[in-house]
Amino acid sequence: EDQVTQSPEALRLQEGESSSLNCSYTVSGLRGLFWYRQDPGKGPEFLFTLYSAGEEKEKERLKATLTKKESFLHITAPKPEDSATYLCAGTTSGTYKYIFGTGTRLKVLA
Amino acid sequence: NAGVTQTPKFQVLKTGQSMTLQCAQDMNHEYMSWYRQDPGMGLRLIHYSVGAGITDQGEVPNGYNVSRSTTEDFPLRLLSAAPSQTSVYFCASSDRPDGNEQFFGPGTRLTVL
C-alpha cells in the first residue's frame with residue numbers, strides 16, 4: 001500500500017536553531033514528491049516539488065532534498081514566522097491520487 | 001485571479017440533512033479534487049476529477065457525491081450527513097493531474113450534530 005510518513009509529529013525550535021523534517025515514502029513509481037506549508041485555519045500552500053533522487057530545491061530558509069526512500073525539509077536559522085504545519089505528499093505514475101502524510105507541526109520560539 | 005474559492009466557510013448540519021459544498025477555480029485547471037482533514041489523519045482524498053465530465057473516487061468516497069459539468073466548478077454533495085463527516089474540507093486544483101502542485105482553497109469547516 002502506498003504510504004507517506006512524516007516525522008517528527010511536532011517540533012519546537014529556538015529562533016536560529018536549524019533542523020530537518022523527514023518524509024519517508026513507500027510509493028510505487030513515485031511521480032513527484034511535494035512539500036506544503038499550512039497555517040492554522042488556512043489551506044495548504046505549495047512550497048516545492050521534487051521529481052528524482054538527488055534533486056534539491058531552495059526557498060529562503062527552506063531546502064528540500066529527495067532520496068530514493070525519503071525527503072527532507074531543512075530549515076536553516078528559522079524565524080517565528082516559519083511556525084506552521086509542514087505537509088509532504090506523493091503522486092504515482094499512472095494515477096491521479098496525491099497521498100499526504102500527517103504533517104509536522106513546527107513551532108519556532110523567539 | 002481569485003484562485004480556488006470555497007463556500008461556505010462554516011456550516012452546521014443536523015444528522016440526515018443534505019448540503020453541497022461549492023468549489024470554483026479560475027485558472028482553467030483540468031484537475032480538481034476534494035479532501036477532508038481530520039486531527040491526526042492528515043489530508044485524505046475523497047473524490048477527484050481530471051476534466052469536465054470525468055470523476056473518480058479517492059480514499060474515502062462513501063457518503064459523498066461529485067459531478068463536474070464545467071472546468072471551473074467541482075461541487076461536493078453530502079446526501080445524508082452523519083457526525084462522522086464532521087471535518088474540514090479542502091478543494092484543490094492543478095493544471096496537470098499526474099504530478100504538478102495543487103492549489104488549495106481556504107476550506108469549509110463542517111460540523112454535523
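Bear in mind these aren't lab numbers, they're just calculated from the coordinates by the rules spelled out. Owing to the predicted nature of the structure, the values given are computational and were not obtained by experimental measurement. Cβ coordinates were reconstructed from backbone atoms using ideal geometry, including for glycine residues, and neighbour counts include every protein chain displayed.
At-a-glance table
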| read-out | value |
| --- | --- |
| Selection from segment A:55-105 of residues that are surrounded by fewer than 13 Cβ atoms within 10 Å (Cβ to Cβ) and within 14 Å of chain B (Cβ to nearest Cβ) | A:59, A:93, A:94 |
| Residue within segment B:19-33 that is surrounded by 14 or more Cβ atoms within 10 Å (Cβ to Cβ), in a strand (DSSP E or B) and at the interface with chain A (Cβ under 10 Å from one of its Cβ atoms) present | yes |
| Residue match in segment B:53-62 (condition: outside any strand (DSSP E or B) and over 30 Å from residue A:86 (Cβ atoms)) | yes |
| Which numbered condition residue A:52 misses (of (1) within 13 Å of chain B (Cβ to nearest Cβ); (2) of a type in the set (Ser, Thr, Tyr); (3) in a strand (DSSP E or B)) | (3) |
| Inter-residue pairs, beta-carbon under 8 Å, first more than 11 Å from chain B (Cβ to nearest Cβ) and in segment A:26-42, second part of a strand (DSSP E or B) and exposed (fewer than 13 other Cβ atoms within 10 Å of the Cβ), 6+ apart | A:26/A:3; A:27/A:3 |
| Matching residues in segment A:61-89 - criterion: being in a loop (DSSP other than H, G, I, E, B), in contact (Cβ under 8 Å) with a residue 60 or more places away in the chain and within 16 Å of residue A:3 (Cα to Cα) | none |
| Where a residue in segment B:83-107 is under 14 Å from residue A:34 (Cα atoms) and its partner, wherever it lies, is in a loop (DSSP other than H, G, I, E, B) and basic (Lys, Arg), with Cβ under 9 Å and at least six apart | B:104/A:42 |
| Residue ID - farthest from the other protein chains (Cβ to nearest Cβ), chosen from residues in segment B:63-111 that are crowded, with 20+ Cβ neighbours inside 10 Å and among the aliphatic types (A, V, I, L, M) | B:81 |
